[in-house]
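Okay, so here's the structure we're looking at.
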Amino acid sequence: MSSSSPPSAAGQHAHDDRGPAIIAVHWSLTALATIFLGLRVYCKHITKRRLWWDDWILIAAWTTIITTDVLTTVMVYEFKLGRHSDELVIPDITRFLLILSSRATTTITATVLTKTAFAITLLRLTAGRIKQFVWFIIVSMNIAMGFSAAVPWIQCQPLDKGWIPDRPGTCWATQVGTKIWIATGAYSALMDFTLAILPWTFLYNLLLQRKEKIGVLVAMSMGVIAGAVAIVKCAKLPQLGSGDAYNETELYMWDIAESTVTMMAACIPTLRVLLRDVKPSSSHQGVSTYAFSLKRSRTGGFHDVERAHQFTESRISDNKVSSGSGSGY
């Protein structure tokens, strides 16, 4: 009787390849985010309003997301990312580590930029302590996420040992970087939920029809979805210490999901104006404009159309508010 040799490790999981799924998730979510961002910019155009800081930050986040997609695609096609560790093809370890570290940095950067953009939108709608709290969120979140993005580049001494493994020196244990990413990711998720709740503290008392009020509040609170995605991503982060690259592939999909979903959530309030709250009317200049209806709040604020527009479209007002709650920083 002839005996067969045991299958090789590579043969046992020859069909385990999540590379195509990684690419599909990255580019499809980026395409959706691009559509949302494009419609947001289109809303600005048809309402004759200039792009503001939150718009430009979202555009910067979009370019960072595209960079992440390109780096991920290179890793899949060149190094066979998505397979088990023993099936990766890494002819140049330095190039691989530089691309891997760059992707980690761009992913985190895109995420914090999208969250910052929505927070800046809230700055124009808040005053007093709430506005100060939003500033605290912006500063603290950027410091935490900025440190997280720098981890791949500062974890070794000398620094270039991080991408030249043969160089003499020392590096942090793998668990250190993972714990930092989990902690900053959890804080990021908490800020998502906080930013989603904040609009309820100052929009709920507006004298709108109930259906209209709920629509505005829900549109301004879509960040809860981004927060949920961030929690799932944090739950996947411990896979970084599994020892098998295949087990880490889900994390690649969830981290791009966090940045793109956050971008879409940040665009939804403006898109709601395009789809439901904008109706053509004629201005005294004979140019087609858009009317926005909002009844005066119980506190006596928001007397003019521009300020009402600010709450329904989240756009900056060019006029002063008679109630004295300014929209500048």
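Take the conditions at pLDDT 95 or above and open to solvent by 40 Å² or more (accessible area, probe 1.4 Å) and apply them to ILE197. Does it pass?
So ILE197 does not fit the description; no.
Applying the selection to the range 236-262, what residues are outside any helix (DSSP H, G or I) and either open to solvent by less than 30 Å² (accessible area, probe 1.4 Å) or at negative phi (or both)?
Within the range 236-262, SER242, ASP244 qualify.
Could you list, in sequence order, all residues of the range 137-159 that are touching a helix residue (DSSP H, G or I) at 6+ places or on another chain (Cβ under 9 Å) and closer than 25 Å to ASP92 by Cα?
Those that are touching a helix residue (DSSP H, G or I) at 6+ places or on another chain (Cβ under 9 Å) and closer than 25 Å to ASP92 by Cα: ALA149, ALA150, VAL151, PRO152, TRP153, ILE154, GLN155, CYS156, LEU159.
Being in contact with a strand residue (DSSP E or B) (Cβ under 9 Å, 6 or more places away or on another chain) and outside any loop (DSSP other than H, G, I, E, B) is the filter here; which residues of the range 161-176 pass it?
Passing the criteria: LYS161, GLY162, THR170, CYS171.
Sort through LEU37, LEU32 and tell me the only one that's modelled with pLDDT of 90 or more and either surrounded by fewer than 16 Cβ atoms within 10 Å (Cβ to Cβ) or in contact with an Asp or Glu (Cβ under 8 Å, 6 or more places away or on another chain) (or both).
Going through LEU37, LEU32 in turn, the sole match is LEU32.
Which residue pairs have Cβ atoms closer than 7 Å, lie 6 or more positions apart in sequence or on different chains, and pair a first residue in the range 135-155 that is farther than 15 Å from TRP172 by Cβ with a second residue that is among the small types (Gly, Ala, Ser) and buried (at least 19 other Cβ atoms within 10 Å of the Cβ)?
Sorted first by the residue in the range 135-155, then by its partner, the pairs are ILE137/ALA119; ILE138/ALA119; MET141/SER188; MET145/SER188.
Quick check on ALA21: is it outside any helix (DSSP H, G or I) and either open to solvent by 50 Å² or more (accessible area, probe 1.4 Å) or modelled with pLDDT under 95 (or both)?
Considered against the rule, which asks whether it is outside any helix (DSSP H, G or I) and either open to solvent by 50 Å² or more (accessible area, probe 1.4 Å) or modelled with pLDDT under 95 (or both), ALA21 comes out as no.
The values are calculated or read from the model by the stated rules, or taken from the named source; none is laboratory data. Given the structure is predicted, the values throughout are model-derived calculations rather than measurements. Quick reminder, even Gly has a Cβ in these numbers, built from the backbone with ideal geometry, and neighbours come from all protein chains shown. Remember, those area values only see protein heavy atoms, side chains included, never the ligands or the DNA or RNA. Shrake-Rupley method; radii C 1.70, N 1.55, O 1.52, S 1.80 Å.
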